[in-house]
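Below is one structure, written out as structure tokens, with a few remarks after it.
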Amino acid sequence: MKPVNIQALLAAAVALMVVLVSVSVLTALPTVSSSKFANSETCLCHGQLQSQWSVSMHSRALIDPIYTLKRDKGDKETNGAVGKFCDGCHAPVAIMAGEDVSSPANLPAQSREGVGCDFCHHVNGSNTPIGNTSVEVISDGVRRAQLQDAREMHPVSYSRFHATAEFCGNCHNVNHPANGLALEATYTEWKNSPYAKEGIVCQDCHMTPGAGPTKNPGTSAAGAPERDHIFNMTFAGGNVGLGDSKLAEARLKGAATLDIAVDGIVPTGSSVSATVTVTNSGAGHYLPTGLTDTRQMWLVVTATTGDGKEKELFRRNFGTVLADDEGNAPVQIWAATKIRSDDRIPPKESITEKITFLQEDAKAATLEAALYYRSVSPEMAKEANVEIPTVTMTSKKVVINVPGK
């Protein structure tokens, strides 16, 4: 029988106790009855914006099958601590009301809808540090937004905060409550990026029609004045399988660029040296971002000879690998104490790979590089009973000529 590591068991028990204690003081969320918040279906005057929200991942934050799969696994391993930690962002109204989120169908509509309209428009600011549901919420019936001259049928108030990255950072920065390890750092990645210095915030890319900062003239409500710019309620990211697939795919395809440099003419039987460069040209955060031990982005370089035979020359995965104090890796986020490796691409930065192969064919060959993305692995998607497609973010081809061809 393998001897029991008492020290390791004690360390795990202490860590779990810290998690359980931390959850009780985790956020600034007050205790508020869910009756203080309106169901998004009552936002009839904002029909277009409500329709955009209804197919966004915010509307599915509590019932997203990938989220519930991961949360339920964590709960089994931590005696329920993971759900108490994560549901603050995924079901804030239910958590403030003290409702049981294990059966979403039994919740009031305003609690079941995840991150709903009325919750976000009752946010008044942020506590520090940014992240782990650091929002300040005032349940006074006054809807807050970035419009300075809004006139509505209900009480409204101008909020500059709603047009800041900190508003999003409240939930899009997640640190382990026991050890502080950065599990998701999308806000921090933006904060340290050129985009922050240029004044480009999350909303400029994720709440507009285009893949990057895009002006979006329109109206915020029926009968409201035409404005030079309003935010869409799409919150589009990279979730092609469960979110708005068209918008998600557009953002993925606008996030990166590829380049291949190779000698124009290579004699048959000679080695070909190529340089492949991947640039994070369109994302204000790392690629990939979010829960990056789960997200999958990878580069594949292939050569196709003149007779049509294809050969994979190179493959590289981008992401983070989490480890625990015992040196085990990869581990689940709740067991992680350190990052074993992180080879993602920061905003406006590039990675370069040198590829060498033998040009054996006397005919022209084609060298192709492609960057792919999917939200989760096929195994996890199958376990959650969902289909998660693979998206080609970008690709590039060059023809390798041989003398006389």
Among the candidates 62, 44, residue that is within 21 Å of residue 234 (Cβ to Cβ), exposed (fewer than 15 other Cβ atoms within 10 Å of the Cβ) and of a type in the set (A, V, I, L, M): 44
Qualifying residue in segment 278-293 (condition: of a type in the set (Val, Ile, Thr), surrounded by 17 or more Cβ atoms within 10 Å (Cβ to Cβ) and under 30 Å from residue 81 (Cα atoms)): yes
Selected residue (criterion: farthest from residue 286 (Cα to Cα)) from residues of segment 355-391 that are touching a Lys or Arg at 6+ places or on another chain (Cβ under 9 Å) and free of Cβ contacts under 8 Å to residues at least 60 places away in the same chain: 363
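Out of all the residues in segment 218-251, which are loosely packed, with under 15 Cβ neighbours inside 10 Å and assigned to a loop (DSSP other than H, G, I, E, B)?
So the first thing to find is which residues in segment 218-251 are loosely packed, with under 15 Cβ neighbours inside 10 Å, and the list is 219, 222-223, 225-229, 246.
Of everything in segment 218-251, those that are loosely packed, with under 15 Cβ neighbours inside 10 Å and assigned to a loop (DSSP other than H, G, I, E, B) turn out to be 219, 222, 223, 225, 226, 228, 229.
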Qualifying residues in segment 72-100 (those that are buried (at least 22 other Cβ atoms within 10 Å of the Cβ) and over 19 Å from residue 123 (Cβ atoms)) - the one farthest from the chain's Cα centre (by Cα): 81
Cβ-Cβ under 9 Å pairs, at least 6 apart or on other chains, segment 133-151 side closer than 13 Å to residue 227 by Cα and in contact (Cβ under 8 Å) with a residue 40 or more places away in the chain, far side of a type in the set (Phe, Trp, Tyr) and loosely packed, with under 14 Cβ neighbours inside 10 Å: 146/158; 147/158; 150/158
Residue match in segment 204-223 (condition: free of Cβ contacts under 8 Å to residues at least 40 places away in the same chain, within 17 Å of the chain's Cα centre (by Cα) and over 22 Å from residue 391 (Cα atoms)): yes
Which numbered condition residue 285 fails, given (1) of a type outside the set (Gly, Ala, Ser); (2) within 30 Å of residue 210 (Cα to Cα); (3) in a strand (DSSP E or B): (3)
Unmet requirement for residue 363, which otherwise passes all of (1) in a strand (DSSP E or B); (2) over 17 Å from the mean Cα position of the chain (by Cα); (3) closer than 21 Å to residue 261 by Cα: (1)
Residue match in segment 104-114 (condition: surrounded by fewer than 17 Cβ atoms within 10 Å (Cβ to Cβ), in contact (Cβ under 8 Å) with a residue 40 or more places away in the chain and more than 20 Å from residue 174 (Cα to Cα)): yes
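Only the coordinates and a few stated rules stand behind these numbers; no lab work does. In this text the structure is predicted, and so the values were computed from the model without any measurement. Virtual Cβ from ideal backbone geometry, glycine too; neighbours counted across all protein chains shown.
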